[in-house]
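What follows is a set of notes on a single structure, which appears directly below.
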Amino acid sequence: MTFPSWPDGSAHALEEELLQTWQRERLFEQTREATRGAEPFVFYEGPPTANGRPGIHHVFSRTIKDLICRFQTMQGRDVTRIAGWDTHGLPVEIEVEKRLDLRGKRDIERYGVAEFNALCRESVFKYQSEWEHLSDRIGYWLDYQHPYVTCTNEYVESVWWVLARLHQRNLLYRGHKVLPYCPRCGTVLSSHELALGYEDVTTNSIYVTFPLADDPSRQLLVWTTTPWTLLANVAVAVNPDLEYGEYQVDGTRYILATARADLPVSSAKDAGTFADLGPVRTFPGRELIGLGYRRPLDVVPLPEDQRSREVIAAEFVSAENGSGLVHIAPAFGADDHAMGREHDLALVRPVAADGTVTGTDWPAIEGQLVTDKSTNDAIIQRLKEDGRWHLTEPHRHSYPHCWRCRNPLIYYARDSWFVRTSAVKDRMLDLNQTVGWHPPEVGSGRFGEWLENNVDWALSRDRYWGTPLPVWVCQDDPDHVTVIGSYQDLAERWGRPLPEAFDPHKPFIDEYQWDCQCGGTMRRTPEVIDAWFDSGSMPFAQWHYPFEHAEEFEQHFPADFICEGVDQTRGWFYSLLAIATTAFDSPAYRNVIVNEMVLDAAGQKMSKSRGNVVDPWEVIERFGSDTVRIYLLASSQVWFPKRFDERAVLEVAGGFFDTLKNSYRFFALYAGEWTPGGEIGDPLLVDRWLDSRLNATIAHVTEAWAGYDVTAGVRAIMEFVVDDLSNWYVRINRNRFWAPDAEADPVALDTLYRALVAVSRMLAPAAPFVADWLHRALVGTSVHLARFPVPDTERDQALELAMDAARRLVSLARAGREDANLKVRQPVARLQVAVPREVPRETFRTLFPLIQREINVKVVELVASDTDLVRLQAKPNFRSLGKRFGKRTPAVAQAAARLVPEQLRALEEGGSVILEVDGEPIEYLSEDVTVERVVTSDWVVQSDGPYVAALDPELTDDLRREGMAREVVHRVQRLRKEAGYDYTTRIAIALDGAEEVLAAVAGHSEFVAGETLARRLDIGERAPAPDVEADVAIYGATITIGIGRFE
RNA sequence: GUGGUCGUAGCUCAAUGGUAGAGCAGCAGCCUGAUAAUCUGCGGACGCGGGUUCGAUUCCCGUCGGCCACCCCA
């Protein structure tokens, strides 16, 4: 057979062509068929939201997912790879709001919820085809024919089912809590969403004075970073054990913690501090407790039946910042809320659900958004007018923002629905222990610590486009609650069959109501749920479990493997675990690879605003997706941040593919009509060596990938191809593939062929295109239907050691040649080598011919002792000496210099010797001393530890003549190339010029003719009509070489 | 602010309580009938200050800088 030549076009073109072939062959389906019914390997695809474009970081995690899934498929596992789309939630709503230019919920309601949601449903698939296309283009195989889609009726029903189940288990409840709340989106956020939106901001914090009710000249100095919350102030908290002081400024006595007395006494530029002034008196905070005060901004009515405007005690108050007196507004802070309950404080909430001020008798501020700077400015202005303002101070802190709309959040008390995850916290921690995290730190650290601080999952969202919360509440008695777990259940309650075109979304679902047993009306609570709950439900909802596919679900739960970016730690990784724990008391995944972010070349986060976003399409077109995939996998562990630098892409992956391509080209060039599987002779040592290295590599890669270390496996393949296969095996065996007038050695062809086939199979999960091209070229079938290679022979450790020694010595001898200015073409008479004991002598000796060829030396000798070549010298090993000798270490180390060669050799061979140090016998053990070698002989000696190579530098006339002949061969070869001859072209050579050179050639005419394919060699003549002719200097003497075709 | 993490050759990174190692880039050279391949040679007192120790890049404390996470922080 003949092997096709590697296409000349770009990697991009090759990949595009293969994609068409794959499609034509329905290759993905074929691979699915091939392992159907085998032991399953369960993979869950984290559903992307299809309303944003995919980026390079998606290529990253998809490459890892693809690698593991392909690998497991090639191991014969039945790998489920179902695509999924996350379709609900705020991101989708916000996209639509922007498109319609709506500003908030009121606009949406005016526009019509039904119409709005219809647009949301549509917009989700805006980028779907681009996602599918990109996944396809990078070779990410996923079943896009039957994806799970979180907004379908089936999916929603499964989510309802699990919510009803949680309710049965008393894990779903309604609570009134202060929660992070986005005024723009008009909804609460969960703690994991909160984590996504912290930003450093500078706001104006203010110090405000609260005159005491019975003595207005004594004033509490109170600090706040959110002036608008003063509208709802009902108390001031002090720490009863903290020291406070009264400071007299003019007619006023300010009260603040003495630890905070470095505050200025006024806003004047040159104002001194309270500390400068000194306190009139000091006292513990408990003295203040119970005192009444005049509240600032008296614009909100306070209920009479509850306490307000008084000083209360709170342990959490510290003097770290502020004044040591904390303003309490129970509606707008979690601590405040707790204090309010504890002390029966009034709760006023002069802020509407849209974040605007309401219910005050201050017209100027009514309707203002509390997070607007102007609102705070107005409040500060009024405080100034009222004489209650003391100081404004810019305050820089990280403050939570809505992770979707970037607006600042407020803390806001309202009714919400919660999943009681804190009740299963310990269980989640236990189950998390069973998960194989890669890297482990994320699981134990970032994720584990997060679980330790678990709070109940704030599930409900006061929005429109989401899975509706299937909770119906009695209008008359809010304690009458029904949670619907299926559509059948709904129909039964409702009393009629559901309509044909039933849509469980808002607003339609809100029309379903029925009579409560108490006579009231059961209506659905208006909220939808957190979209993270949707995606966390995919293990069962993708099967419409328990309504369908119960068996499939059970076989596919939990997952063997998931993989997402580190940003999903509190996202999908958590929602999967939380739901699996509460609903099934099980982990949702057994192994997870957490990949880090892809940064730009400068290490900056990619963001649209910075304009440093890498377009995956562009990069793939330039390099090909295999190159990008290999780069992302191999440049560093996937859990380290990647600096995406285009130069680095070629550095890491380009060289490897070039080498692989050239190895194949070399093989195809010389394979000719050779057909694998035929009769071949006995393998040589080098062939067995390559087999051994190949088997070692297969074992290494298999182990790495089975253990989810994708990088180690990829690197092992790359090292094998570059170091062992190309740069050593092919190079040293060139003459077996091409020898003048001879067929290529079938044993070498077979060895190289098998190695290339195995490489293509190992590479298939990582670089599916190139691997497939290669496999088709070598074998004729797709690599993706092949099994992953299995080591087929034992490793030959002795041979690998011997070859390793040979390679080292070749390197050393070359360095020696450089040193002595002896070109490799100049033969030398002898090379003496020394190797450490563990190198098996006999095997090593059989490699001498190889060393001879590589070094161009006539004789290689293994010396028993290297004393003739080098002087031995002791280098003390402080590590082992230090352990035994402590303070005497330096003396003992120094004394080691006195060890004589016999002693050093004894040490090197594992013995021990005794030496007297400071009048005391000291025993040196083998590990105490490293023996170094210093060159002493006249020979050219290079050493690397116990490996020594020594060249006899003396050149006889014979050697010189041979060197000249080789030099002439070299020149002729260059001229052949210049003439553009084919490598089989027979030529005629004419040489004229320096006698010395001509004589040398004459003496080696057979060699020269053989190497250059010369059928005619005219010495001392000029060619009559050469194709190429040149004057060249050989050892300083000039000759003229002319070559032409031999007809 | 709190906690973590990192700070080593131009770049990317490694190792170690014992005197610093690799890859890439650069320069010089070798080799080459596959190669923009290989091979050989050339560089750094490990952010700063202090401590523990016979000895610290490695341990401890502080400090500066980068990154990450947490946070009701008034």
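Tabulated data for the structure shown
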{"quantity": "More than 17 angstrom apart: percent of Cα pairs within segment A:824-866", "calculated": "30"}
{"quantity": "Range of Cα positions in segment A:430-490 per principal axis (Å), largest first", "calculated": "51, 25, 25"}
{"quantity": "Global form of segment A:1008-1047, assessed from the alpha-carbon gyration tensor, a/c cut-off 1.5", "calculated": "oblate"}
{"quantity": "Whole-angstrom Cα spans of chain A along principal axes, big to small", "calculated": "122, 87, 55"}
{"quantity": "Two-decimal log10 I(q)/I(0) for segment A:677-800, as the Debye equation yields it once each C-alpha is a single scatterer, q = 0.11, 0.18, 0.22 Å⁻¹", "calculated": "-0.38, -1.00, -1.37"}
{"quantity": "Sum of -39500 (n - 2.57) over DSSP H runs of 4+, divided by residues of chain A (222 nm, nearest 500)", "calculated": "-11000 deg cm²/dmol"}
{"quantity": "Protein accessible area in segment A:61-159, 1.4 Å probe - carbon and sulfur %", "calculated": "45"}
{"quantity": "Segment A:981-1029 versus segment A:29-58: alpha-carbon centroid distance in Å", "calculated": "64"}
{"quantity": "Degrees separating the helix A:373-385 axis from the principal Cα axis of chain A, which is the longest one", "calculated": "40"}
{"quantity": "In degrees, nearest ten, helix A:655-671 long axis to first principal axis of chain A (Cα)", "calculated": "40"}
{"quantity": "Values of log10 I(q)/I(0), in the order q = 0.12, 0.14, 0.22 Å⁻¹, for segment A:102-206 under a Debye, Cα-only, solvent-free model", "calculated": "-0.80, -1.05, -1.25"}
{"quantity": "For segment A:505-573 versus segment A:62-122, the gap between their alpha-carbon centres in whole angstrom", "calculated": "15"}
{"quantity": "Label-point separation in nm, A:Gln488 to A:Arg103, each point 7 Å along Cα→Cβ", "calculated": "5.0"}
{"quantity": "Surface share of carbon and sulfur [accessible, 1.4 angstrom probe, percent] for segment A:614-664", "calculated": "48"}
{"quantity": "Sequence-separation-based contact order of chain A, relative, with Cα cut under 8 Å and 6+ spacing, percent", "calculated": "11"}
{"quantity": "All lysines inside 27 Å of A:Lys875 as judged from Cα atoms, apart from same-chain residues fewer than 8 positions distant", "calculated": "A:Lys883, A:Lys887"}
{"quantity": "Nearest-ten-degree value, helix A:768-778 long axis tilted from longest Cα axis of chain A", "calculated": "30"}
{"quantity": "Between segment A:829-901 and segment A:275-342, the Cα center-to-center distance that results, in Å", "calculated": "80"}
{"quantity": "Rounded FRET efficiency, nearest 0.05, which uses the C-beta distance separating A:Arg307 from A:Asn204 and R0 of 41 Å", "calculated": "0.85"}
{"quantity": "At R0 = 45 Å, FRET efficiency that the Cβ-Cβ distance of A:Glu342 and A:Gln517 yields, to 0.05", "calculated": "0.75"}
{"quantity": "Mean accessible surface per residue for chain A, computed with a 1.4 Å probe while every protein chain stays in place, in Å²", "calculated": "43"}
{"quantity": "Simple spin-label estimate for A:Gln381 and A:Gln433 in nanometres, 7 Å along Cα-Cβ", "calculated": "6.1"}
{"quantity": "Sites A:Ala712 and A:Thr225, calculated FRET efficiency, Cβ-Cβ separation with R0 45 Å, nearest 0.05", "calculated": "0.35"}
{"quantity": "Cα point-scatterer Debye curve for segment A:282-343, base-10 log of I(q)/I(0) at q = 0.25, 0.28 Å⁻¹", "calculated": "-1.40, -1.58"}
{"quantity": "Surface share of carbon and sulfur [accessible, 1.4 angstrom probe, percent] for segment A:181-330", "calculated": "45"}
{"quantity": "Net length gained if the chain between A:Ser912 and A:Asp214 were fully extended (0.36 nm per residue, minus Cα distance)", "calculated": "242.1 nm"}
{"quantity": "Above-threshold pairs, the threshold being 28 Å between Cα atoms, out of A:Lys177/A:Lys425; A:Lys269/A:Lys384; A:Lys105/A:Lys384", "calculated": "A:Lys105/A:Lys384"}
{"quantity": "Proximal lysines to A:Lys642, defined as alpha-carbon separation beneath 24 angstrom and excluding residues fewer than eight positions away on the same chain", "calculated": "A:Lys65, A:Lys605, A:Lys608"}
{"quantity": "Length gained when the stretch A:Asp957-A:Phe316 is fully extended (0.36 nm per residue, less Cα-Cα span)", "calculated": "221.2 nm"}
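The values are calculated or read from the model by the stated rules, or taken from the named source; none is laboratory data. The structure presented is a predicted model; accordingly, all values stated were derived computationally and were not measured. Backbone-built Cβ (ideal geometry, glycine too); neighbour counts: all protein chains shown. What goes into the accessible areas is simple: the full protein's heavy atoms, side chains included, and nothing from ligands, DNA or RNA. Shrake-Rupley method; radii C 1.70, N 1.55, O 1.52, S 1.80 Å.
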